[in-house]
Ligand SMILES: *Cc1c(COP(=O)(O)O)cnc(C)c1O
């Protein structure tokens, strides 16, 4: 069997270094636990950036995938399949919307929402052709495709990749006046994260999203909520926008839907908006394939059957409270909601991650100075305590 040292050497030789991974190799996993090739165990407090909300190898997901593999995995969108419709129905009912557009990755779903908003602006709102504007926020993270790079404000994600897609206005996050002064008769949509997770877990003031939503409504602008990371219980509500009682025009989902197994994403909205997609206007070979759909359906069923949303809220509050016990003058702030939690330092956070990994806790820094924890929602209190003890020991001075 290939050992950790060999894996790292081969990876460095044959794969570009656009991730600069921490020095740990993972070869097995179950629940919240993962193992390296040498058999060392770690608790997964990153949870694949919220894509492994049910941990690794959740038995119900594995059962669903095996069953579907015995039927069929892939059917092109030239034909109907018997899994996508069931997943779509479940997701539409859960969000109380009419319909969905399935895609594969979060980035693709964001692209889909942008295409939808632009076409809606021309067809319905009657914005002059090719003049639609979409408002986004500073420090956003909406993915890595060229359009999302175009409106990123993170230089490392953007530099050298121009020319960029036009049609975006960038305003400060959590600033309602900035939104009000940015809109014009050509504004199609406001695209926003309900919590800026990648930026370092920034939570807007209570009421901001509601006010933004109301302002968009009044001005006939679509409110597009990127819940790729925050959706499905992660923040202690079903969706992060529920904290502000907002029902966005378009939800964007990803990560969670793949059940910790494979990519599947979707946008969700009402028919009067989503129906701008007419035959031939959009698509992807793998989008809505039966295997991915069966996993997404199983994920939503598990979420419904068990009390994950409530648990996420309670365990998250407990986790934050315990983290505040850490005595370290280099900690600037601890922020979080449910089980998305960040510790911001005054200096780079990466060396803390190295030390946490040495003590059995997997985590990752984001944008330099913040460690972001997104443990699987299935984590038990005992497992969380196991992690907390090590985090406190490692980060205390
Ligand atoms: C991860 C993420 C994306 C992009 O999803 P990919 O599947 O990596 O393309 C978009 N928006 C948010 C908020 C995300 O967290």
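The table for this structure:
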read-out	value
Tilt relative to the chain, helix 381-395 - C-alpha long axis, 0 to 90 degrees, to 10	70 degrees
Stretch gain in nm, segment residue 321-residue 285, where the contour uses 0.36 nm per residue and the Cα spacing is subtracted	8.4 nm
Segment 1-152, relative contact order in percent, only Cα pairs under 8 angstrom and at least six apart counted	11 percent
Length added when fully stretched, residue 306-residue 381, from 0.36 nm per residue minus Cα-Cα	25.4 nm
Candidates 282, 56, 220: whichever shows maximal mean-square fluctuation once the chain is modelled as a Gaussian network with Cα springs under 10 Å	282
Share, in percent, of DSSP beta bridges within the chain that are antiparallel, nearest 5	65 percent
Folded to 0 to 90 degrees: helix 84-95 orientation relative to the chain principal axis, Cα	90 degrees
FRET efficiency, residue 159 to residue 10 (Cβ-Cβ, R0 35 Å, nearest 0.05)	0.75
Approximate spin-label separation residue 185-residue 125, in nm, with each point projected 7 Å along Cα-to-Cβ	1.3 nm
Separation of the residue 80 and residue 26 label points, Cα + 7 Å toward Cβ, nm	3.9 nm
Computed [θ] at 222 nm, deg cm²/dmol, the chain (DSSP H ≥ 4; -39,500 (n - 2.57); rounded to nearest 500)	-10500 deg cm²/dmol
Peptide ranges 156-168, 255-267 listed from the most packed, as the mean C-beta count within 10 angstrom indicates	255-267, 156-168
Packing rank of 89-101, 15-27, where each peptide gets the mean count of other beta carbons within 10 Å, highest leading	89-101, 15-27
Extension gain, residue 270 back to residue 35 (0.36 nm per residue minus Cα-Cα distance, nm)	80.2 nm
Residue among 109, 78, 182 with the largest mean-square fluctuation in a Gaussian network model of the chain, springs linking Cα atoms under 10 Å	78
Gyration tensor verdict on segment 317-397 (Cα atoms; rounded if a/c is under 1.5, prolate if a/b is larger than b/c, oblate otherwise)	rounded
Inter-part distance where segment 115-167 and segment 298-328 are each reduced to a Cα centre, Å	33 Å
Computed over segment 71-305: relative contact order in percent, which uses C-alpha pairs under 8 Å that are six or more apart	30 percent
More than 42 Å apart - percent of Cα-Cα pairs taken over the chain	11 percent
Hydrodynamic radius (Kirkwood) for segment 71-305, which is based on Cα pairs only, to one decimal in Å	18.0 Å
Of 354, 382, 244, the one that fluctuates the most in a GNM where the chain has Cα springs shorter than 10 Å	382
Crossing angle, helix 4-14 versus the chain [Cα axis fit, 0-90 degrees, rounded to tens]	40 degrees
Paramagnetic reach from residue 98 (point 7 Å along Cα→Cβ, amide N under 15 Å) across segment 233-259	249-251
The chain: relative contact order as a whole-number percent, Cα under 8 Å and 6+ apart	23 percent
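All of the numbers you see were taken from the coordinates with simple rules; none came from a lab. Everything numeric here is computed off the predicted structure, so don't read it as measured data. Using ideal geometry, Cβ is built from the backbone for each residue, glycine included, and neighbour counts are taken over all protein chains shown.
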